[in-house]
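Novice: Can you keep this structure in mind? I'll have questions shortly.
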Amino acid sequence: MTKRALITGISGQDGAYLSKFLLDKGYEVYGIVRRSSHRGVDNHRLLWIGVWDKVKLFDGDLGDLSSLMRIVNEVMPDEVYNLAAQSFVTSSWQQPILTANITAIGVTNMLEALRSAKPDARFYQASSSEMFGLIQESVQSETTPFYPRSPYAVAKLYGHWITVNYRESYNIHASSGILFNHESPLRGAEFVTRKVTTAAAMIKLGLQSELKLGNIDAKRDWGHARDYVEAMWLMLQQDRPDDYVIATGKTTTVRDMCKIAMDYLELDFDKFVKIDPDLYRPAEVDILLGDPSKAKAKLGWEPSITLEDMIREMVDADLERLKK
């Protein structure tokens, strides 16, 4: 029988790549999208990746349990990937209640819908390396204590632990992927990697004169979303549910990531990059570095795309967008 997958946040970066990945494996793919006056704009990633006409979308919201119940009853999914969230860390300080309602309580709503209507479905929760925050260990693994440093990270931590709770309380096959930063040409323009690659392309084309950044000495473990969605799928193919850190095991400063983009276009980093103190976060996460050894040992997963290749791919995509 053909497997059915239901994806919340299907119009986001990970949702688009995961949709293509699952379709290529022969799945029927269904997605939940919020009703929006910008329909057609918010789904551009599905169009860009070439799957818009191959997935079926339902209007729903993680904050509305009734819509989730209706959709689960109609789809009867074999696998559910909960990728939806208010996922921009900076916005979580401006919208902490919304972030809590969607990124935290929304996970409970999705799990409740499954528990009531399709308890044998396998569930994936998109946890985040931001939960480690003020790091308690130099390299973060599944056993590293959490210390969230933003409303987003706090909400993600709730979502992570409620997933563990439903797994242990109701015997649901529920796994969490503690994903470190993962990017692509489909990343939102407000995130630092896309901000950098878009600005580099605009400067190269003479459309922008400088790039303003905040803490360029912050370090992140960056991978490609195309690699990371495979890890999500692998988790749900295991006999037993579990939690996994998904990372490259390498950390790079924002400064060096920016230099990769600038050097690729033969631009002078020191000339075009300016520090703006207003762009610093109220509570900064200085370094994140993941240990993916468990994912490698149990899932057979390893990243295949380097940071350099990813940034160059993103720069090329932004150049192409701007030229059009």
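The values are calculated or read from the model by the stated rules, or taken from the named source; none is laboratory data. Since the model is a prediction, treat every value here as computed from it, not as a measurement. Cβ placement follows ideal geometry from the backbone for every residue including glycine, while neighbour counts extend to all protein chains displayed.
Novice: Quick one: in the range 149-173, of everything that is in a loop (DSSP other than H, G, I, E, B) and modelled with pLDDT of 95 or more, which residue is nearest to T248 (Cα to Cα)?
Specialist: H173
Novice: Which of the residues belonging to the range 227-239 are touching a residue at least 12 places away in the same chain (Cβ under 8 Å) and part of a loop (DSSP other than H, G, I, E, B)?
Specialist: Within the range 227-239, Q238 is the sole residue that qualifies.
Novice: Limited to the range 266-275, what total is found for residues that are surrounded by fewer than 17 Cβ atoms within 10 Å (Cβ to Cβ) and in a loop (DSSP other than H, G, I, E, B)?
Specialist: Here the count works out to 2.
Novice: So which residues in the range 7-45 are in contact with a Ser or Thr (Cβ under 8 Å, 6 or more places away or on another chain), at pLDDT 95 or above and not small (G, A, S), if there are any at all?
Specialist: I7, I10, Q13, Y17, Y27, E28, V29, I32 - these are the residues of the range 7-45 that are in contact with a Ser or Thr (Cβ under 8 Å, 6 or more places away or on another chain), at pLDDT 95 or above and not small (G, A, S).
Novice: Output the residues belonging to the range 1-31 that are charged (D, E, K, R) and farther than 12 Å from A84 by Cβ.
Specialist: Answer for the range 1-31, where residues must be charged (D, E, K, R) and farther than 12 Å from A84 by Cβ: K3, R4, K20, D24, K25, E28.
Novice: Let me ask you something else. If I ask for residues that are part of a loop (DSSP other than H, G, I, E, B), modelled with pLDDT of 95 or more and out of contact with any Lys or Arg (no Cβ under 6 Å at 6 or more places or on another chain), which ones from the range 283-324 would you list?
Specialist: If the condition is that a residue be part of a loop (DSSP other than H, G, I, E, B), modelled with pLDDT of 95 or more and out of contact with any Lys or Arg (no Cβ under 6 Å at 6 or more places or on another chain), then L289, D291, P292, G300, W301, P303, S304, I305, T306 are the ones that fit.
Novice: Also: How many of the residues making up the range 182-194 are at pLDDT 95 or above and either surrounded by fewer than 23 Cβ atoms within 10 Å (Cβ to Cβ) or assigned to a loop (DSSP other than H, G, I, E, B) (or both)?
Specialist: Qualifying residue count for the region: 4.
Novice: Only one of K323, K298, K259 is out of contact with any strand residue (DSSP E or B) (no Cβ under 6 Å at 6 or more places or on another chain), without any contact (Cβ under 8 Å) to a residue 24 or more places away in the chain and either among the basic types (K, R) or assigned by TED's automatic domain parsing to the domain that holds L236 (or both); which?
Specialist: Just one listed residue meets the conditions, K259.
Novice: Got a number for residues in the range 122-148 being part of a loop (DSSP other than H, G, I, E, B) and not hydroxyl-bearing (S, T, Y)?
Specialist: The number of residues fulfilling the criteria is 11.
Novice: Which of the residues that make up the range 284-298 are over 25 Å from I216 (Cα atoms) and surrounded by fewer than 21 Cβ atoms within 10 Å (Cβ to Cβ)?
Specialist: Across the range 284-298, the qualifying residues are S293, K294, K296, A297, K298.
Novice: Look at the range 149-198 and say how many of its residues are more than 26 Å from L234 (Cβ to Cβ) and among the polar types (S, T, N, Q).
Specialist: Matching residues across the range 149-198 total 3.
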